[in-house]
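A.B. asks: I have a structure I would like to understand better, so I am pasting it below and will then ask my questions one at a time.
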Amino acid sequence: MAGKLIVVKIGTGSLVRSDGSLNLESMKRLVDQIAQVVKKGHKVILVTSGAIAAGIAELNVKPNPNDIVFKQACAAAGQSILMSHYREFFKAYGLKVAQVLLTEKDLADRMSYLHTCNVFERLLQLGVIPIVNENDVTSINEIIPVMKGQEVNFSDNDILSVLIANATEADLVVILTTVDGLYTKSPEKPDADLIPVVEKITSELRKAAEGKSKFGRGGMKTKIQAAEIAMRSGIPLVIANSQRENVLLDVLDGKQVGTFFKPMGEGLSSIKRWIAYSAGTKGQIRVNEGAKKAILKGASLLAVGIESVSGRFLIGEVVSLVGPDGKEFARGIANYTSEEINLIKGMNTAQIRKTLGYIRQKEVINRKRMYLKEEEKSDEQ
């Protein structure tokens with residue numbers, strides 16, 4: 001595997017001690033491996049946790065996991081400390097690093113998303129290792145606990161690592177954690193078996209992944225969700241134990257390490273990846289049954305098939321498409337504003353021209369800029 005782009009995510013549990021402070025020995029050992037990977041001709045984007053732990057040590061305070069603002073303050077104090085450690089460790093190998101702090105909005109907005117992609121591309125061209133974390137001062141989603149029934153979002157660093165891989169069209173994602181991979185049940189149970197390869201995400205696998213990590217926000221559940229996004233996007237992903245000796249080098253050498261999640265075919269195009277996993281929806285368009293069937297067969301959305309519009313959105317923003325049953329079956333980028341669509345819903349081309357005085361596009365949403373839920377090929381058995 002020569003000359004590949006790899007996204008490496010290091011979880012909180014791999015970087016902190018049992019008392020919640022930063023484990024510099026573990027950090028240096030992982031940096032040593034990343035440096036060897038780079039020296040072999042690969043490019044690496046590092047997604048890291050650990051800012052809060054670094055802040056706790058810097059401020060000489062006791063951990064307070066239930067105080068969100070306290071954790072934000074620790075992250076603010078710790079982020080520069082974390083980066084200074086990474087800088088010194090990589091400097092020993094003649095490698096330079098750059099800090100990239102992101103929020104959900106940075107990837108949800110199309111222009112910000114493209115700017116972010118451009119910066120990653122240029123940093124990698126310059127031979128710099130981007131080190132990514134969430135901006136905890138302005139976004140708290142990574143540091144709030146995961147509640148029962150709560151959807152996992154961008155800000156879980158597991159999910160973030162895959163979204164970064166999508167944005168940069170990476171060749172591999174490696175999520176380093178404190179267990180050897182995905183097990184058939186809790187790895188603490190004596191009859192639990194490590195699953196070496198996953199080709200489909202099943203309900204049984206989701207059940208096996210329940211539970212949270214001690215220091216991180218999500219645990220194996222968020223890693224499974226990240227793996228599912230990677231598989232649909234055509235990107236292989238490995239979950240492995242950060243404590244294993246030469247874990248990154250072994251993964252790149254093709255050795256059986258941890259759990260390998262196989263990509264599903266060629267995956268989605270770049271624009272569809274963004275629509276599906278990064279962009280938030282600004283509104284909703286309800287279509288009739290005929291329009292829904294046509295879209296599912298590969299057609300674009302025309303105004304004549306639209307029944308109603310909810311929410312306010314502008315040209316170029318992502319909207320949700322629902323059928324007569326109210327269930328979302330697709331998402332896409334709108335060629336018209338919500339106000340315009342309200343005026344032209346149910347109309348043919350001639351009627352649209354007469355109503356608006358112009359035709360911006362024949363389609364309200366072009367099929368090439370649309371993501372269908374049917375493209376999610378995971379097995380829900």
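A.B. asks: Taking region 93-136 on its own, how many of its residues are crowded, with 16+ Cβ neighbours inside 10 Å and at pLDDT below 95?
C.D. replies: Of the residues in region 93-136, 16 are crowded, with 16+ Cβ neighbours inside 10 Å and at pLDDT below 95.
A.B. asks: Another question, if that's okay. Here's a check for you: in region 61-81, which residue that is free of Cβ contacts under 8 Å to residues at least 12 places away in the same chain and hydrophobic (A, V, I, L, M, F, W, C) is surrounded by the fewest Cβ atoms within 10 Å (Cβ to Cβ)?
C.D. replies: Checking each candidate, the answer is Val69.
A.B. asks: If a residue must be among the charged types (D, E, K, R) and closer than 18 Å to Glu245 by Cβ, how many such residues does region 6-32 contain?
C.D. replies: 4
A.B. asks: Moving on to the next point. Looking only at region 73-92, count how many residues are at pLDDT 90 or above and either part of a loop (DSSP other than H, G, I, E, B) or closer than 28 Å to Gly280 by Cα (or both).
C.D. replies: Selection size over region 73-92: 4.
A.B. asks: Would you point out which residue out of Ala240, Ala192, Ala230 is surrounded by fewer than 22 Cβ atoms within 10 Å (Cβ to Cβ), of a type outside the set (Lys, Arg) and not in a loop (DSSP other than H, G, I, E, B)?
C.D. replies: Just one listed residue meets the conditions, Ala240.
Conditions (1) at pLDDT below 95; (2) outside the structural domain of Ala51 (by TED's automatic domain parsing), marked per residue:
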residue	(1), (2)
Leu194	yes, no
Thr222	yes, no
Leu237	no, no
Leu301	no, yes
Val304	no, yes
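A.B. asks: Taking Ala294 as meeting all but one of (1) touching a residue at least 24 places away in the same chain (Cβ under 8 Å); (2) among the aliphatic types (A, V, I, L, M); (3) more than 30 Å from Val8 (Cα to Cα), write down the number of the exception.
C.D. replies: Only one criterion is unmet by Ala294, namely (1).
A.B. asks: Follow-up question, since we're still on this one. Does Val309 fit the bill of being surrounded by 17 or more Cβ atoms within 10 Å (Cβ to Cβ), part of a strand (DSSP E or B), touching a residue at least 24 places away in the same chain (Cβ under 8 Å) and over 25 Å from the mean Cα position of the chain (by Cα)?
C.D. replies: yes
A.B. asks: What's the number of the only condition in (1) at pLDDT below 95; (2) in contact with an Asp or Glu (Cβ under 9 Å, 6 or more places away or on another chain) that Asp19 fails to meet?
C.D. replies: (2)
A.B. asks: Please name all residue pairs, on different chains or six or more residues apart, with Cβ atoms under 6 Å, provided the first residue is in region 358-380 and is over 18 Å from Gly267 (Cβ atoms) and the second residue is modelled with pLDDT of 95 or more and aromatic (Phe, Trp, Tyr).
C.D. replies: Qualifying pairs under 6 Å: Val364/Tyr336.
A.B. asks: Working only within region 11-46, note down all residues that are in a helix (DSSP H, G or I), β-branched (Val, Ile, Thr) and under 14 Å from Tyr86 (Cα atoms).
C.D. replies: Val31, Ile34
A.B. asks: For region 114-136, how many residues meet the condition of being part of a helix (DSSP H, G or I) and hydrophobic (A, V, I, L, M, F, W, C)?
C.D. replies: So the answer is 6.
A.B. asks: Further question on the same structure: Taking into account only those residues within region 35-60 that are of a type in the set (A, V, I, L, M) and surrounded by fewer than 24 Cβ atoms within 10 Å (Cβ to Cβ), which is farthest from Ile175 (Cα to Cα)?
C.D. replies: It comes out as Leu59.
The values are calculated or read from the model by the stated rules, or taken from the named source; none is laboratory data. None of the values given here were measured: they were computed from a predicted structure. When we count neighbours, we look across all protein chains shown, and the Cβ atoms used for this are built from the backbone with ideal geometry, even at glycine.
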